[in-house]
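Here's the structure we're looking at; comments come further down.
No value in this document is a laboratory result; all are computed from the given coordinates. The model shown is predicted, which means the values in this text are computed figures rather than measured ones. For neighbour counting, all protein chains shown are included, and Cβ atoms are generated from backbone atoms with ideal geometry for every residue, glycine included.
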Amino acid sequence: MVIVHILPSLYIGGAERFVVDLCNELSEQPNCEVHLILLFKVEETMFLHSDLRHRVLLHTLDKKLGFDYKVFHKLYLKIKELKPNVVHTHVGAFEYNFLNLLLFKNVKFYHTLHSDAFHECRGVVGKFVKRISFYFNLCQAITISTASSLSFRNFYRLRNDVTITNGRSLPTQSYLYELLSEEFRTTYRMTKNTKIIVNVASIQAVKNQLNLVLAVNRLIESGRDIVLLIIGSSRDDSGMLLHELTKHQSTRIRIIGSKSNIIDYLMLSDIFCLSSSKEGMPISLIEAFSAKILCACTPAGGVKDMIEDNHNGFLSSGYGVNDLVSLIDRAVTVDSANKERLIANAYGCFNDKYSIEQTTKKYIHAYKSNQ
């Protein structure tokens, strides 16, 4: 089976991280030839490029910024050359692949919705071409959680999606782990009792980091010995949100940008906190489960499918500052026995539901059942 996945780029993000893991795992399956097409060329800052296994064949289309009509033809020629059985788009690649749904009758097309359908769809034209594609079964919609499926059905008024949960490969420490461990000890841990909270998410309004920062500041002022690290690049074009967040930076609140060794940060921190108001099924939460760190999150999208409050983590009741104050305080003050129980249950969920091996089996089944 020849399988092609299409992504805009390999900049670090949850969807991109997942596609790399999925391509890697698919490439190890018998009789699978796996290609990854990037709309943009590879740049040095695309850390995920180095994670691709050699069996995954990489192609780039050298897309220009903004709308690039030449990509339609380039993508058509590449698919014609590769002669795939399956073509699978992600994030913003769907629109450039739309015409190929009509031109290649012997190819099965898929598109994964990595976020809420209302948030993922780009404008009236984007909604129209996707709805037509899904309605006439030109392309199979893949949703990633119960909440993701519900958003698809509400937005497109269709019920023909297939739900396959995201997965992640078992994490390992990077070569930077020991150096980072020393940085944690000398810079981030203010005392031996400091609890380090890590938020892994791009900086944008739906990630709700401003409320998170305000909540952490309130807890610091009340005497809690905590430090917050926000890891992620800014996706706010205006830069206003990043500017507002930096106003609150201190020795206990640090915005440290994008990092290639996210797993090291998770393994060395005490609490993973996702404060989002919208989510699909966050890869960062799956990574946190696998890294054995206590998780405290808002009930956004697929998160509420993943976390059962006080079973494998903590869920807030809402997204406001008061909700986050209460959530983080629960995580900071939980006793050690309950903390270990929550972490063990979360790691069990990773093995049972969210490993890339389990997810890959489901994708292969979907690909074969539709041939």
*Out of 167, 35, 198, whose Cα points farthest toward the positive end of the dipole of the chain (charges: +1 Lys, Arg; -1 Asp, Glu; placed on Cβ)?*
35
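Please give me, ordered by residue number, the chymotrypsin sites (Phe, Trp or Tyr not before Pro) of the stretch 12-69 that lie in loop per DSSP and have at most 16 other Cβ atoms within 10 Å.
In loop regions of the stretch 12-69 (DSSP not H, G, I, E or B), the sparsely surrounded chymotrypsin sites (Phe, Trp or Tyr not before Pro) are 67, 69.
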*asked:* If Rh is defined by the Kirkwood formula over all Cα pairs and Rg also comes from Cα, what ratio Rg/Rh do you get for the stretch 1-124?
replied: 0.93
_Surface/4 of the Cα convex hull for the stretch 68-131, nm²_ = 4.4
*Find the Cα radius of gyration of the stretch 218-262, compare it with 2.2 N^0.38 Å by division, and give the number to two decimals.*
1.30
*Averaged over all directions, how much area does the convex hull of the C-alpha atoms of the chain cover when projected, in nm²?*
17.9
*In square nanometres, what is the average projected area of the Cα convex hull of the stretch 200-293?*
6.0
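Could you calculate the FRET efficiency of residue 159 with residue 64 from 1/(1 + (r/R0)^6), where r is the beta carbon distance between them and R0 is 41 Å, rounded to 0.05?
The value I calculate is 0.60.
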*Take the chain, connect every pair of alpha-carbon atoms lying under 10 Å apart with a spring to form a Gaussian network, then pick out the residue of 272, 136, 118 with the largest mean-square fluctuation.*
136
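Going highest first, how would you order 204-215, 101-112, 174-185 by mean Cβ packing within 10 Å?
Working: 204-215: 21.1, 101-112: 17.0, 174-185: 13.2.
Per-residue Cβ counts within 10 Å, averaged per peptide and sorted highest first, yield 204-215, 101-112, 174-185.
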*What spacing in nm lies between the two simple spin-label points modelled at residue 221 and residue 339, each 7 Å away from Cα in the Cβ direction?*
2.6
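Where does the stretch 177-354 land on the Kirkwood hydrodynamic radius, alpha-carbon pairs, in angstrom?
One over the average 1/r among Cα pairs gives 16.1 Å for the stretch 177-354.
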*Could I have the simple spin-label model distance between residue 178 and residue 365, label points 7 Å from Cα toward Cβ, reported in nm to one decimal?*
4.4
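Among 49, 114, 311, which comes first, second and so on when ranked by fewest other beta-carbon atoms within 10 Å?
On the way: 49 17, 114 25, 311 13.
With the fewest neighbours first, 49, 114, 311 line up as 311, 49, 114.
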*Consider a paramagnetic label point 7 Å from the Cα of residue 326 along Cα→Cβ; state which residues of the stretch 211-233 have an amide N under 19 Å from it.*
211-220, 222
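Test of the criteria: in the stretch 292-344, which trypsin sites (Lys or Arg not before Pro) are in a DSSP loop and have at most 16 other Cβ atoms within 10 angstrom of their Cβ? Provide the component values of the computation, followed by the final result.
On the way: sites: 292, 304, 330, 339, 341; in loops: 292.
For trypsin sites (Lys or Arg not before Pro) across the stretch 292-344 that sit outside H, G, I, E and B with at most 16 neighbouring Cβ atoms in 10 Å, the list reads 292.
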*Where q = 0.12, 0.16, 0.19, 0.20 Å⁻¹, what log10 of I(q)/I(0) comes from the Debye formula for the stretch 101-215, counting one point per Cα?*
-0.68, -0.89, -1.06, -1.12
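Show me the GluC sites (Glu not before Pro) within the stretch 264-371 that DSSP assigns to loop and that have at most 15 other Cβ atoms within 10 Å of their Cβ.
Hits after loop and neighbour filter: 308.
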*asked:* Place a point 7 Å from the Cα of residue 138 along the Cα-to-Cβ direction; which residues of the stretch 93-128 have their backbone N under 14 Å from it?
replied: 94-111, 125-128
